[in-house]
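Every number here is computed from the coordinates shown, using simple stated rules; none is lab data. If you're wondering where the values come from, they're calculated on a predicted model, not measured in any experiment. Cβ atoms come from the backbone with ideal geometry, glycine included; neighbour counts cover every protein chain shown.
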Amino acid sequence: MSLTFGPDRQTREFRCDCCQAPVERAWNYVYADGEPYAVYFANCYHHKDRDHDAWIDVILGTWGAGDDQWDDHVSFACRVGPVAGQDEPAATLVTAGLAHPDSPIFGRKLDREAALQHSRLAEFWQISDFVLEHDPLVRGHVYGR
């Protein structure tokens with residue numbers, strides 16, 4: 001499967017609720033073999049008193065058919081950042097959609113335990129890896145490049 005970004009990538013900056021530091025958000029569609037496949041939201045936190053990290057939400061389901069077709073949507077999420085004892089950032093599954101209000105677009109927001117058991121977990125990791133490698137905001141924030 002060949003992944004690409006959609007043409008409508010957006011970014012925005014806002015303030016962190018815990019420390020008022022800047023948070024940069026990028027979001028876009030991810031296409032698989034030329035068809036809409038997922039949507040991601042990546043929040044890059046510049047905390048004042050904690051590690052800088054990124055939280056990536058990925059929504060899988062039917063796209064391009066209208067919101068009445070979103071009943072198959074499922075959301076996964078991970079935190080990517082420093083981990084004690086490791087030289088490189090690591091990704092950890094977390095509860096999806098924590099930084100977003102409930103909305104039909106997210107479908108079923110999975111917590112860590114449900115995500116670990118879900119049949120689409122491998123797809124989530126493939127998309128989150130793609131975002132980490134190819135979204136310039138996320139890549140620069142996590143890897144400093």
Cα-based Rg (one decimal) and Dmax (whole number) for segment 1-44, in Å? 13.3, 41
Quick calc, GLU113 & GLN20: beta-carbon distance into FRET formula, R0 25 Å, rounding 0.05, result 0.20
For helix 121-134, report the angle its Cα long axis makes with the longest principal axis of the Cα atoms of the chain; keep it between 0 and 90° and round to the nearest 10°. 60
With θ set to phi - 60° and the Karplus curve 6.51 cos²θ - 1.76 cosθ + 1.60, what are the ³J(HN,Hα) couplings of segment 92-101 in order, to the nearest whole Hz, using x for Gly and Pro? 10, 4, 9, 5, 6, x, 5, 8, 10, x
Once the Cα atoms of the chain are picked out, what are the Rg and Dmax in Å? 14.8, 46
Ranked by Cβ crowding within 10 angstrom, fewest neighbours first, how are PHE41, PHE130, PHE76, PHE14 ordered? PHE14, PHE130, PHE41, PHE76
